[in-house]
């Protein structure tokens, strides 16, 4: 809800009757129910109806499942399905706690805090988080245009949660990384963002020019102005594509050149890293999920509600 809409809502509270006040209080105190989750998912399914097995749109209603979802039977493959079939949420239990778990994800709380809120096991909280992020982590800008800023950022490599560590000895708590930004100790992430807020990112295996060009080529429009740091890979890519390239060499104290800068992408990266500190380290193999989680929060802002996130997690809602 936008701030002005919220203020208007607050001003109207004084006009509520006693019974209406009680309904509002009950709604604010409520933790959600299985029927709430079912309504959200079935409403989204109704907008994009198709068989969860074969994807065909020719089907008819076939009773109700034991979990409360409407059941359908496909006229093409002959199999029955519900709105959950084929979605990342299929097979998860405790549906009465999904809405509250979605609220915890909107708030960006840790696994333990989310588990405590929803009265679920820590392992269940972990499994739900990554199921809820299956769809959002794949939503990135398909193209960036105008003034496009590109830069790399680095996250400390982590095997957090792993019971088998291969290739190095375990670190002691608080142990510092080796000097420099070696890819042995850090996972590089390429972040590309235009002035319209369209953002995409990619975890890189290395910082070779061909690797960076591979990820830039499909998304950067042919008439864009590419703004980057002094890494040669960006200049080479821009020259090959015939793009105007502005290099900002921060090492020489040049943060702005002829009105061009990297503040847009740097502010985004700063907010991303500030948000991720609450998790006290993220396992590198799950980094893509957290990057997608942050893109969703940044993209949707105040419009990201618990019901909206639940709809996105099911894969039906438009992003």
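The values are calculated or read from the model by the stated rules, or taken from the named source; none is laboratory data. Predicted model, so just to flag it, every value in this text is computed and none were measured. Cβ: placed from backbone, ideal geometry, glycine included. Neighbour counts: every protein chain shown.
Residue check, residue 238 against (1) over 27 Å from the mean Cα position of the chain (by Cα); (2) closer than 16 Å to residue 147 by Cβ; (3) surrounded by 11 or more Cβ atoms within 10 Å (Cβ to Cβ); (4) touching a residue at least 40 places away in the same chain (Cβ under 8 Å), all met but one. Which one?
(4)
What is the number of the single condition among (1) in a loop (DSSP other than H, G, I, E, B); (2) out of contact with any helix residue (DSSP H, G or I) (no Cβ under 8 Å at 6 or more places or on another chain); (3) touching a residue at least 60 places away in the same chain (Cβ under 8 Å) that residue 109 does not meet?
Of everything listed in (1) in a loop (DSSP other than H, G, I, E, B); (2) out of contact with any helix residue (DSSP H, G or I) (no Cβ under 8 Å at 6 or more places or on another chain); (3) touching a residue at least 60 places away in the same chain (Cβ under 8 Å), residue 109 misses just condition (2).
Please pick out the residue among 169, 251, 205 that is assigned to a loop (DSSP other than H, G, I, E, B), at pLDDT below 90, assigned by TED's automatic domain parsing to the domain that holds residue 283 and out of contact with any strand residue (DSSP E or B) (no Cβ under 6 Å at 6 or more places or on another chain). If you could, list the steps in order and put the result at the bottom.
Working: 169 fails: assigned by TED's automatic domain parsing to the domain that holds residue 283; 251 fails: assigned to a loop (DSSP other than H, G, I, E, B).
Just one listed residue meets the conditions, 205.
I'd like the full set of residues that are within 19 Å of residue 306 (Cβ to Cβ) and part of a helix (DSSP H, G or I), limited to region 115-125. Walk me through how you get there before you give the answer.
Step one: list which residues in region 115-125 are within 19 Å of residue 306 (Cβ to Cβ), which gives 115-120, 124-125.
115, 116, 117, 118, 124, 125, listed by residue number.
Residue by residue, here is whether (1) farther than 20 Å from residue 280 by Cβ; (2) in contact (Cβ under 8 Å) with a residue 24 or more places away in the chain; (3) outside any loop (DSSP other than H, G, I, E, B) holds:
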position: 76; (1), (2), (3): yes, yes, no
position: 88; (1), (2), (3): yes, yes, no
position: 103; (1), (2), (3): yes, yes, yes
position: 113; (1), (2), (3): no, no, yes
position: 155; (1), (2), (3): no, yes, yes
position: 164; (1), (2), (3): yes, no, no
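Answer yes if at least one residue in region 185-195 is in the same structural domain as residue 283 (by TED's automatic domain parsing), over 26 Å from residue 159 (Cα atoms) and not in a strand (DSSP E or B), and no otherwise. Lay out the reasoning, then the answer.
Within region 185-195, the first condition is being in the same structural domain as residue 283 (by TED's automatic domain parsing), and the residues that meet it are 185-195.
Filter again for over 26 Å from residue 159 (Cα atoms), leaving 192-195.
Next cut, not in a strand (DSSP E or B) only: 195.
Scanning region 185-195 turns up at least one residue that is in the same structural domain as residue 283 (by TED's automatic domain parsing), over 26 Å from residue 159 (Cα atoms) and not in a strand (DSSP E or B).
Quick one: count up the residues across region 194-216 that are surrounded by fewer than 17 Cβ atoms within 10 Å (Cβ to Cβ) and under 22 Å from the mean Cα position of the chain (by Cα).
5
Tell me, please, whether a residue that is part of a helix (DSSP H, G or I), crowded, with 16+ Cβ neighbours inside 10 Å, out of contact with any helix residue (DSSP H, G or I) (no Cβ under 6 Å at 6 or more places or on another chain) and free of Cβ contacts under 8 Å to residues at least 40 places away in the same chain can be found in region 220-232. Even if it seems obvious, please write down each step before you answer.
To start, the set of residues in region 220-232 that are part of a helix (DSSP H, G or I) comprises 232.
Right, trim to crowded, with 16+ Cβ neighbours inside 10 Å and you get none.
Taking every residue of region 220-232 in turn, none turns out to be part of a helix (DSSP H, G or I), crowded, with 16+ Cβ neighbours inside 10 Å, out of contact with any helix residue (DSSP H, G or I) (no Cβ under 6 Å at 6 or more places or on another chain) and free of Cβ contacts under 8 Å to residues at least 40 places away in the same chain.
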